[in-house]
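Bear in mind that the values in this text are calculations on the coordinates, not laboratory data. The shown structure was predicted, so the numbers you read here are calculated from the model rather than taken from an experiment. As a convention, Cβ positions derive from the backbone with ideal geometry for all residues, glycine included, and neighbour counts pool all protein chains shown.
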Ligand SMILES: [Zn+2]
């Protein structure tokens, strides 16, 4: 059977992107404009191409003016998933109560707006062990948190080293090395060590590396001139992982764009790079589904 293609968009706030690069916190006005403009571009891109998407939401970062568009997206065939209440990058180092609170508070907030979540993505691409029972208790069907292969952890390690050499601090934490053993196909995680298969009722659907070992993440797709390197075997879901920054228009003069090369690439070129990936998935006859719909097709 041909496994589906899922567009996923992590809706981190501008605060998170600034923290990653060691920049001072943005003003509410800057953060609100970033969120709304990026979300509008993402919604237009999806609609033009007839694609559904799963938006992973961090409730505390949603500006009031963006809530109607998110709910409109939810009501028109897209999925809103749980990306924790405040996006702590050190979630995997927190105690059980704190992890549960982050997940539950965001779940309740989304529920108060009529959104019933079925899925979760952890900040920082690592599913903490305390998250697994918390998701089970809420009746979630899946997490899509682990990233597979060695390219992403290596790139992150190099970026952290570069920031440290420049004397800057960052909020991201290094990947547990055991995560390189994460299987690329969906699995039920072991509660004590979620990077490996076990018998938890939820699924982990990793953001799996392509057959060439590249993770399907926005910055790499925009920078790589060879889209075939992102091809994923048809036997497993092809999970495209994007952020609002992939859709941020005209930001060459902002502090974030000075740090993040991706924002210096014109939006039209970024979207063209994404289109090439979508075209390749279409050529494989992949169904395009939300993560919640994709998980329904998994056995057991
Ligand atoms: Zn995030």
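Treating the range 110-171 as a set of equal point scatterers at the Cα positions, no solvent, please give the Debye-formula log₁₀ I(q)/I(0) at q = 0.16, 0.24 Å⁻¹. The calculated log intensity ratios at q = 0.16, 0.24 Å⁻¹ are -0.70, -0.99.
Of the peptides 204-214, 276-286, 111-121, 142-152, how do they stack up when ordered by the mean number of other Cβ atoms within 10 Å, highest first?
Most protected by this proxy first, the peptides run 142-152, 204-214, 111-121, 276-286.
One quarter of the surface of the convex hull around the alpha-carbon atoms of the chain equals 14.1 nm², the direction-averaged projected area.
The per residue volume of the convex hull around the alpha-carbon atoms of the range 1-52 is 85 Å³.
Ranked by the mean number of other Cβ atoms within 10 Å of their residues, highest first, the peptides 5-11, 41-47 come out as 5-11, 41-47.
May I ask for the distance between the Cα centers of the range 227-280 and the range 143-164, given as a whole number of Å? Cα centroid to Cα centroid, the span is 17 Å.
Per-residue Cβ neighbour counts within 10 Å put 51, 240 in the sequence 51, 240, beginning with the fewest. Put in line by how crowded their Cβ is, counting other Cβ atoms within 10 Å and starting with the fewest, 1, 262, 291 read 1, 262, 291.
Sort 69, 135 so the one with the fewest other Cβ atoms within 10 Å of its own Cβ comes first.
69, 135
For the range 1-118, a/c is not less than 1.5, where a ≥ b ≥ c are the root eigenvalues of the C-alpha gyration tensor, and a/b does not top b/c. That puts it in the oblate class.
Over all alpha-carbon pairs in the range 62-171, figure out the percentage whose distance exceeds 19 Å.
53
Label-to-label distance for residue 268 and residue 96 is 5.6 nm, based on points extended 7 Å past Cα in the beta-carbon direction. What is the range 176-238 by shape, rounded, prolate or oblate, if you read a ≥ b ≥ c off the alpha carbon gyration tensor as root eigenvalues and call it rounded for a/c under 1.5, prolate for a/b larger than b/c, and oblate otherwise? Note, shape of the range 176-238 comes out prolate. Across the range 102-232, counting alpha-carbon atoms alone, Rg and Dmax equal 16.2, 46 Å.
Let me know the Kirkwood hydrodynamic radius for the range 234-300, please, with Cα pairs as the basis and the value in Å to one decimal.
14.2
For the pair residue 160 and residue 67, the difference between a 0.36 nm per residue extended length and the Cα-Cα distance amounts to 30.2 nm.
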